[in-house]
Amino acid sequence: MRISIDISLYPLNEDYIAPIKGFIAAVNAKDGLEVTTNKMSTQIRGESDIIFDLLKSEVPKVFEENRAAFVIKAIKGSD
């Protein structure tokens, strides 16, 4: 099933740019996804399994090195 998510990362430390850039780089490195980034969030479109596997692997990496909050919205895409 295709989905679209809108995700924002809010690192809660002084050096907040590096974790955001690192997370966006990991998202962009994943094949099979359409990614659009703006100043407020990143939109990811693709198959739900690919997106959720990506989040399952990348979100813990952010939490290992940062105190942070993610805001994620998801909607079913058109087939």
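If the condition is being within 11 Å of the chain's Cα centre (by Cα), within 13 Å of PRO11 (Cβ to Cβ) and touching a residue at least 40 places away in the same chain (Cβ under 8 Å), then region 49-70 contributes VAL62, PHE70. Go through (1) without any contact (Cβ under 8 Å) to a residue 60 or more places away in the chain; (2) under 13 Å from ALA68 (Cβ atoms); (3) of a type outside the set (Val, Ile, Thr); (4) outside any loop (DSSP other than H, G, I, E, B) one by one and return the number of the condition SER8 breaks. Just one mismatch for SER8, condition (1).
So, GLU14, is that one in a helix (DSSP H, G or I), surrounded by fewer than 11 Cβ atoms within 10 Å (Cβ to Cβ) and not hydroxyl-bearing (Ser, Thr, Tyr) or not? So GLU14 does not fit the description; no.
From the residues in region 67-79 that are among the small types (Gly, Ala, Ser) and within 13 Å of ILE20 (Cβ to Cβ), which one is surrounded by the fewest Cβ atoms within 10 Å (Cβ to Cβ)? Spell out the reasoning first.
Keep residues of region 67-79 that are among the small types (Gly, Ala, Ser), which gives 68-69, 74, 77-78.
Narrowing the set further to residues that are within 13 Å of ILE20 (Cβ to Cβ) leaves 68-69.
Values: ALA68: 17, ALA69: 10.
Filtering region 67-79 for residues that are among the small types (Gly, Ala, Ser) and within 13 Å of ILE20 (Cβ to Cβ), the one surrounded by the fewest Cβ atoms within 10 Å (Cβ to Cβ) comes out as ALA69.
Across region 27-47, the number of residues qualifying as outside any loop (DSSP other than H, G, I, E, B), of a type outside the set (Val, Ile, Thr) and closer than 19 Å to ALA74 by Cα comes to 6.
Residues that are exposed (fewer than 11 other Cβ atoms within 10 Å of the Cβ) and either closer than 12 Å to ASP6 by Cα or charged (D, E, K, R) (or both) within region 50-66 comprise LYS56, GLU64, listed in sequence order. Scanning region 1-23 for residues that are at pLDDT 95 or above and not aliphatic (A, V, I, L, M) turns up ARG2, SER4, ASP6, SER8, TYR10, PRO11, PRO19, LYS21, GLY22, PHE23.
The values are calculated or read from the model by the stated rules, or taken from the named source; none is laboratory data. Source: prediction; values computed, not measured. Here the Cβ is made from the backbone with ideal geometry for all residues, glycine too, and neighbour counts use every protein chain on show.
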